[in-house]
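One structure below.
Bear in mind that the values in this text are calculations on the coordinates, not laboratory data. In this text, all values refer to a predicted model and were calculated from it rather than measured experimentally. Here the Cβ is made from the backbone with ideal geometry for all residues, glycine too, and neighbour counts use every protein chain on show.
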Amino acid sequence: MEPHHIAAGGSASDPCHLGHYALVAAVIKSGLFDEVRWVVSGTRFDKLLTASPDDRIATSIQTFPREWHEPNRRPQFKIDFENAAETNMPTIEYLEQLQSRHSHADITWFTGSDVLVPHEELGGKCQMETWIQGKELMQSWRFLVLPRESYPHPSTLGLPSNFTILDIKIHNFSSSYIREQIKNGKVFEHMLSHDVVKYIKERGLYGWKGQSI
């Protein structure tokens, strides 16, 4: 039996934006996987989430094209929001549970290069090393890394052989920056899908005080 190749990646999606879309689209278009999953995280100890789980799930659904969800499409695309309303499940625990459900699958976590750049304020560690069992995670699982604008190219980071680089640069959008733009009444629409923009304005999320569209 040939292994089923699954790629999983995710974020708090607060809100989900076109940088996330570009990341997932690149993984899908790589042709390396039979299934691609976007994971909406639960409550984070390191981040204050400002939208409800339902709103974060909604912006994820509205970011990715409907045709990606067609049952006969390859690779299959799934949004995993089972943990969105709970305390966040550590990445290593999520991967272990996914592997237990798909025992014959090869599983890869995909991510932008920003979480792998060493930081002086972290004692020379990268963000991923500070995650729960971060060192074990980085040693025990496969990773697909995409370069991110304004960050060093992952080829310069001395990553081990279980890290594969997909050399397609993704936008340097961030949810925190988008929230700040909305709160301050500045332009943000170009960083989100039309449906997400409409959703945020209709519900007055993230301090939006203008008119709905």
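In whole Å and largest first, what semi-axes does the C-alpha gyration tensor of the range 5-173 yield when each eigenvalue is scaled by 5 and square-rooted?
Largest first, the range 5-173 gives 23, 19, 17 Å.
Could you list the GluC sites (Glu not before Pro) in the range 147-213 that lie in coil according to DSSP, counting only those with at most 13 other Cβ atoms within 10 Å of their Cβ? Don't skip to the answer; put the middle values down first.
Working: sites: Glu149, Glu180, Glu189, Glu202; in loops: Glu149.
Sparse-neighbourhood loop GluC sites (Glu not before Pro): Glu149.
Would you be so kind as to identify which of Thr50, His171, Cys16 lies farthest towards the positive end of the dipole of the range 5-173, taking Lys and Arg as +1 and Asp and Glu as -1 on Cβ and the Cα centre as origin?
His171
Taking the Cα-to-Cβ direction at Ser100 and at Asn162 and moving 7 Å from each Cα, how far apart do the two end points lie in nm?
In this crude label model, Ser100 to Asn162 measures out at 1.9 nm.
Which peptide among 21-27, 131-137 comes first, and what is the full order, when sorted by highest mean count of other Cβ atoms within 10 Å?
Numbers: 21-27: 20.7, 131-137: 14.7.
Order by mean packing, descending: 21-27, 131-137.
With +1 assigned to the C-beta of every Lys and Arg and -1 to the C-beta of every Asp and Glu, and no other charges, what is the dipole magnitude of the chain about the Cα centre in debye, to the nearest 20?
Computed about the Cα centre, the dipole is about 560 debye.
Rounded to the nearest 500, what is the chain's calculated 222 nm mean residue ellipticity when only DSSP H runs of at least 4 contribute -39500 (n - 2.57) each, over all residues?
-8500 deg cm²/dmol
On a 0 to 90° scale, report how tilted helix 194-203 is relative to the longest principal axis of the chain, with both axes built from alpha carbons and the result rounded to the nearest 10.
The answer is roughly 50 degrees.
Work out the charge dipole of the chain with +1 on the Cβ of Lys and Arg and -1 on the Cβ of Asp and Glu about the Cα centre, then indicate which of His102, Ile61, Pro75 is farthest towards its positive end.
Checking the options against the dipole of the chain, the answer is Ile61.
Calculate the dipole size of the range 76-199 relative to its Cα centre from +1 charges on Lys and Arg beta carbons and -1 charges on Asp and Glu beta carbons; express the result in debye to the nearest 20. Provide the component values of the computation, followed by the final result.
Numbers: 11 positive and 16 negative charges, 54 e Å.
Its charge dipole is roughly 260 debye.
Distance between the C-alpha centers of the range 121-193 and the range 1-74? Whole Å please.
After rounding, the separation between the Cα centres reads 15 Å.
How high is the FRET efficiency between Glu82 and Gln133 when r is their beta carbon distance and R₀ equals 22 Å, given to the nearest 0.05?
So, using R0 = 22 Å, E works out to roughly 0.60.
Going 7 Å from the Cα of Gln181 in the Cα-to-Cβ direction, what parts of the range 13-37 have a backbone nitrogen less than 15 Å from that spot?
14-22
Tally Lys/Arg at +1 and Asp/Glu at -1 over every other residue whose Cβ is under 15 Å from the Cβ of Lys29; what's the total? Write out the running numbers ahead of the final one.
Numbers: positive: Arg73, Arg74, Lys169; negative: Asp34, Glu35, Glu67, Asp167.
In short, -1.
Subtracting the Cα-Cα distance from 0.36 nm times the residue separation, let me have the gained length for Lys47 to His119 in nm, one decimal. Walk me through the numbers before you get to the answer.
Details: separation 72, 0.36 × 72 = 25.92 nm, distance 1.79 nm.
Stretched out fully, the Lys47 to His119 stretch lengthens by 24.1 nm.
Within the set Lys47/Lys201; Lys29/Lys183; Lys78/Lys135; Lys125/Lys209, which residue pairs have Cα atoms separated by over 31 Å?
Among Lys47/Lys201; Lys29/Lys183; Lys78/Lys135; Lys125/Lys209, the Cα-Cα distance tops 31 Å for Lys29/Lys183; Lys125/Lys209.
At 37 °C and 0.692 mPa s, what whole-number value in µm²/s does Stokes-Einstein give for the translational diffusion of the range 97-194, with Rh from the Kirkwood sum over Cα pairs?
Once the numbers are plugged in, D ends up at 211 µm²/s.
What residue among Ser60, Ser52, Ser11 shows peak mean-square fluctuation when the chain is described by a Gaussian network model with Cα springs under 10 Å?
Ser52
Stokes-Einstein D for the range 70-153 at 4 °C, 1.567 mPa s, Kirkwood Rh over Cα pairs, in µm²/s? Present the calculation step by step, with values, prior to reporting the outcome.
Numbers: Rh = 14.8 Å.
Rounded, D is 87 µm²/s.
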